[in-house]
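See below for the structure under consideration.
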Amino acid sequence: MDASHAMNLFMKRIPKIALGPLLYYWSREATFNFYETMGATPVDVVYLGETVCSRRHELRLSDWLDIAKRLRAAGKEVVLSTQVLLESGAEVGTMHKIVANGDFAVEANDMGAVQCLAGKVPFVAGPHLNLYNLPTLQWMRGLGASRWVMPLEMRRDDLAVIQRTCPRACRPRCSPMAVCRWRFRHGVLPHATATCPKTIAVLAAWSIRTG
């Protein structure tokens, strides 16, 4: 094996830092400023979109797509996240627009989004799909999931069982730094016993001045 091939194999195994979708109700200006700052950080993957409540009208889908294009221009991998718990026709309509955007990858956070994406394009199986065991994970892989964000409540030991027993060819790629991503989004986790120290250090260094 020559040196360049060895380096390529090494680079493929380097973990990536993923930033989850914004959970807070910030102003339009604060949101744009935040993601402008993220474009200059070591973050590799950015998940974007309104995942909490459609009644938060500071940003429309067109605004999220604008932010997505800016981040991609800054060298980031961008994933559009769909909303959790759709309750109205308008929310379903927005979900359909996201999954049909044709430009950016999609994180499906409900089975309606999965149904729209299944068999068409690879997608990210979001943390709200309740994928806790090998059979459901392999089923989701068969529908087209290429990446899996493990649920917030999942224990490290349960994840290890899946990684140990699932054939590599049938396993969706686990979302980069999934535990670290949740730590940034939700605060300290009781089960986050294997959080990446590098990621914590990077996230802790970011000062969010938007209140």
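Only one residue in GLU107, GLU50 is open to solvent by less than 10 Å² (accessible area, probe 1.4 Å) and under 13 Å from the mean Cα position of the chain (by Cα), so which one is that? So that I can check it myself, show each step before the final result.
Working: GLU50 fails: open to solvent by less than 10 Å² (accessible area, probe 1.4 Å).
Residue meeting the stated conditions: GLU107.
The rows are residues; the columns are (1) over 18 Å from GLY102 (Cβ atoms); (2) in contact with a strand residue (DSSP E or B) (Cβ under 6 Å, 6 or more places away or on another chain).
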{"position": "THR37", "(1), (2)": "yes, no"}
{"position": "PRO42", "(1), (2)": "yes, no"}
{"position": "THR51", "(1), (2)": "yes, yes"}
{"position": "SER54", "(1), (2)": "yes, no"}
{"position": "HIS57", "(1), (2)": "yes, no"}
{"position": "SER62", "(1), (2)": "no, no"}
{"position": "LYS69", "(1), (2)": "no, no"}
{"position": "ALA74", "(1), (2)": "yes, no"}
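Does region 87-103 include one or more residues that are in a loop (DSSP other than H, G, I, E, B) and crowded, with 18+ Cβ neighbours inside 10 Å? Talk me through it step by step, then tell me what you get.
The first filter runs over region 87-103 and keeps only residues in a loop (DSSP other than H, G, I, E, B), leaving 87-88, 100-103.
From what's left, crowded, with 18+ Cβ neighbours inside 10 Å: none.
Within region 87-103, none of the residues are in a loop (DSSP other than H, G, I, E, B) and crowded, with 18+ Cβ neighbours inside 10 Å.
Given the residues GLY49, GLY89, which is the only one that is at positive phi and of a type outside the set (A, V, I, L, M)? Step through it out loud before you land on a result.
On the way: GLY89 fails: at positive phi.
One residue alone meets the criteria, GLY49.
Could you say which residue among GLU58, GLU36 is surrounded by fewer than 16 Cβ atoms within 10 Å (Cβ to Cβ), touching a Ser or Thr at 6+ places or on another chain (Cβ under 8 Å) and not basic (Lys, Arg)? Don't jump to the end; show me each part of the working.
Numbers: GLU36 fails: touching a Ser or Thr at 6+ places or on another chain (Cβ under 8 Å).
None of the others qualify; the one that does is GLU58.
For region 146-155, state whether one or more residues are open to solvent by 50 Å² or more (accessible area, probe 1.4 Å), more than 14 Å from the chain's Cα centre (by Cα) and modelled with pLDDT under 95. Even if it seems obvious, please write down each step before you answer.
Looking only at region 146-155, we keep the residues that are open to solvent by 50 Å² or more (accessible area, probe 1.4 Å), and these are 146, 152-153, 155.
If we keep only those that are more than 14 Å from the chain's Cα centre (by Cα) too, we end up with 153, 155.
Narrowing further to those that are modelled with pLDDT under 95: 153, 155.
Yes: region 146-155 contains one or more residues that are open to solvent by 50 Å² or more (accessible area, probe 1.4 Å), more than 14 Å from the chain's Cα centre (by Cα) and modelled with pLDDT under 95.
Please find, among THR94, THR165, the residue that is touching a residue at least 40 places away in the same chain (Cβ under 8 Å) and hydroxyl-bearing (Ser, Thr, Tyr). Quick ask: steps written out before the conclusion?
Details: THR165 fails: touching a residue at least 40 places away in the same chain (Cβ under 8 Å).
Of THR94, THR165, the one residue that is touching a residue at least 40 places away in the same chain (Cβ under 8 Å) and hydroxyl-bearing (Ser, Thr, Tyr) is THR94.
The values are calculated or read from the model by the stated rules, or taken from the named source; none is laboratory data. Being a predicted model, the structure only gives us computed values, none of them experimental. For neighbour counting, all protein chains shown are included, and Cβ atoms are generated from backbone atoms with ideal geometry for every residue, glycine included. Ligands, DNA and RNA are excluded from the accessible area calculation, which covers all protein heavy atoms including side chains. Shrake-Rupley method; radii C 1.70, N 1.55, O 1.52, S 1.80 Å.
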